[in-house]
Amino acid sequence: MLRTVLGLAAQCQEGYTAGRTVRELPDASSLSSVVVCGMGGSGVSGDFLRALYRDRLALPLDVVKGPELPEFCGRESLVLCSSYSGGTAETLACFETASQRGCRIVSVTAGGALGERSGERGVPVVPLPGGAPGPRAALGYLLFGALGAIESMGLVPSITADLEETSRVLEDLAQELDPGEADNLAKDLAAWIGERVAVVWGADGIGSVAASRWKTELNENAKIPAFAASLPELDHNEVVGWSEGAGKGFVILALRHDGEHPEVAKRFPASIQIAEESGAETREVRARGQCSLARVLSLAMLGGATSVYLGMLRGFDPTPIEAIDRLKAVLEGGDR
Ligand code: F6R
């Protein structure tokens, strides 16, 4: 798992190549919406896409994390069905509805039923390499596979320059987070979190999706409950919860980057102070790079590595996700 987390740069490149080489993608003319359907580690790519492009895309981009396609999805919607395994019930249900409604579908998958059904119905597939130790560890494939395809469709401008910078940033960061490095920020953060409850904050947009990614990585790799919230929204509710004494046993990780809206950036110190007065300990972590892709993925890699080191510190193998497997088996078997 650690090797995959630290190998994100190469994965992004491979995902992009897979996306760019898909043939017979749907026609983008008269499209009115883009919808990404996917759960868990495969749905995250939709969250990242939305955060990266919402202020630059002429079309609304929605992310569906459940079995139902929104009513507005029809012939003029592009539906990206994202499932690394290709076997996730919710994503398959969206795929079926999208086929019935005549949506323009692209599947992003390493195979499974989604790959098979797409082949049978002539739906183009971004063919992701298999072998990642779980869909959450396939973020580079999933995100860049989707990006490559929508770039080919002309929906987003070329990401070549951003991908180059992102790869450089991620390669440098991977060296710093290598297990052999004694001065290692991810190990340090893992030890600092220890047995406490982690709450991750980020600024609305890429900071916020990075915070959610840290939360799920801490859940799945470190096997702990963890929570994420977004600024400025948390200043309108959560901040009240950081009342006298309530923060004991909690740590807050504030994920920061240079592209935050200035009005949102200003809120961090004041919000952190309130949390600290309640007894929580806090630390700020900064993204690397100049472009949004490098920033959000450097935060994602640092969160991934921190979660893996924390799992190991707590005596767990980060890779298995028994609770998810158990739920999938129970629901598939109809045994409730
Ligand atoms: C496992 C993971 C899960 C899966 C989810 C959907 O590593 O992160 O959240 O991503 O159960 O499965 P896929 O991604 O195969 O559609």
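The values are calculated or read from the model by the stated rules, or taken from the named source; none is laboratory data. Worth saying up front: this structure is predicted, and the values here are computed from it rather than measured. With ideal geometry, Cβ positions are generated from the backbone for all residues, glycine too; neighbour counts draw on all protein chains shown. Calculation scope for accessible area: heavy atoms of the full protein, side chains included, ligands and nucleic acids excluded. Shrake-Rupley method; radii C 1.70, N 1.55, O 1.52, S 1.80 Å.
Is it the case, given these coordinates, that residue 137 is under 19 Å from the mean Cα position of the chain (by Cα), in a loop (DSSP other than H, G, I, E, B), within 10 Å of the ligand (Cβ to nearest atom) and touching a residue at least 60 places away in the same chain (Cβ under 8 Å)?
Details: under 19 Å from the mean Cα position of the chain (by Cα): yes; in a loop (DSSP other than H, G, I, E, B): no; within 10 Å of the ligand (Cβ to nearest atom): yes; touching a residue at least 60 places away in the same chain (Cβ under 8 Å): yes.
Considered against the rule, which asks whether it is under 19 Å from the mean Cα position of the chain (by Cα), in a loop (DSSP other than H, G, I, E, B), within 10 Å of the ligand (Cβ to nearest atom) and touching a residue at least 60 places away in the same chain (Cβ under 8 Å), residue 137 comes out as no.
Pairs needed: first member in region 209-233, touching a residue at least 12 places away in the same chain (Cβ under 8 Å) and hydroxyl-bearing (Ser, Thr, Tyr); second member anywhere, outside any helix (DSSP H, G or I) and surrounded by 24 or more Cβ atoms within 10 Å (Cβ to Cβ); C-beta distance under 7 Å; at least 6 residues apart or different chains.
230/202
Among the residues of region 73-103, write down those that are within 15 Å of the ligand (Cβ to nearest atom), among the hydroxyl-bearing types (Ser, Thr, Tyr) and farther than 14 Å from residue 46 by Cβ.
Passing the criteria: only 85.
Considering region 1-13 alone, what residues qualify as being open to solvent by 40 Å² or more (accessible area, probe 1.4 Å) and either farther than 13 Å from residue 129 by Cα or of a type in the set (Gly, Ala, Ser) (or both)?
3, 10
Given the options 198, 229, name the one that is open to solvent by less than 50 Å² (accessible area, probe 1.4 Å), at pLDDT 95 or above and closer than 18 Å to residue 296 by Cα.
229 is the lone residue from the list that is open to solvent by less than 50 Å² (accessible area, probe 1.4 Å), at pLDDT 95 or above and closer than 18 Å to residue 296 by Cα.
Residue-wise test of (1) open to solvent by 50 Å² or more (accessible area, probe 1.4 Å); (2) within 18 Å of the chain's Cα centre (by Cα).
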position: 15; (1), (2): no, yes
position: 27; (1), (2): yes, no
position: 34; (1), (2): no, yes
position: 39; (1), (2): yes, yes
position: 48; (1), (2): no, yes
position: 59; (1), (2): no, no
position: 64; (1), (2): no, yes
position: 67; (1), (2): yes, no
position: 74; (1), (2): no, no
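Output the residues belonging to region 204-224 that are within 16 Å of the ligand (Cβ to nearest atom), open to solvent by 20 Å² or more (accessible area, probe 1.4 Å) and not in a loop (DSSP other than H, G, I, E, B).
Listed by number, the residues that qualify are 209, 212, 215, 216, 219, 220.
With (1) part of a loop (DSSP other than H, G, I, E, B); (2) more than 16 Å from the ligand (Cβ to nearest atom) as the list, and residue 120 as the residue in question, which single condition is left unmet?
(1)
Where the second residue is assigned to a helix (DSSP H, G or I) and open to solvent by 30 Å² or more (accessible area, probe 1.4 Å) and the first is under 19 Å from residue 212 (Cβ atoms) and lies in region 250-279, which pairs have Cβ atoms under 6 Å and are six or more apart or on separate chains?
Final answer for the pair search is 267/235; 271/235.
Taking the criterion of being surrounded by 12 or more Cβ atoms within 10 Å (Cβ to Cβ), among the small types (Gly, Ala, Ser) and over 23 Å from the mean Cα position of the chain (by Cα), would at least one residue in region 309-325 satisfy it?
no
Give the residue that is surrounded by the most Cβ atoms within 10 Å (Cβ to Cβ), with candidates limited to residues of region 104-115 that are within 11 Å of the ligand (Cβ to nearest atom) and in a helix (DSSP H, G or I).
Selected residue: 114.
Please go through region 151-192 and pick out each residue that is hydrophobic (A, V, I, L, M, F, W, C), open to solvent by less than 30 Å² (accessible area, probe 1.4 Å) and in a helix (DSSP H, G or I).
163, 169, 170, 173, 174, 186, 189, 190
If residue 52 passes every condition in (1) surrounded by fewer than 24 Cβ atoms within 10 Å (Cβ to Cβ); (2) in contact (Cβ under 8 Å) with a residue 60 or more places away in the chain; (3) within 13 Å of the chain's Cα centre (by Cα) but one, which one does it miss?
Here residue 52 meets the rest and fails (1).
Looking at region 269-306 only, could you name the residues that are among the basic types (Lys, Arg) and open to solvent by less than 40 Å² (accessible area, probe 1.4 Å)?
Scanning region 269-306 gives a single hit, 295.
Among the residues in region 250-257, are any more than 20 Å from the chain's Cα centre (by Cα), at pLDDT 95 or above and either open to solvent by less than 30 Å² (accessible area, probe 1.4 Å) or not β-branched (Val, Ile, Thr) (or both)?
For region 250-257, residues more than 20 Å from the chain's Cα centre (by Cα), at pLDDT 95 or above and either open to solvent by less than 30 Å² (accessible area, probe 1.4 Å) or not β-branched (Val, Ile, Thr) (or both): present.
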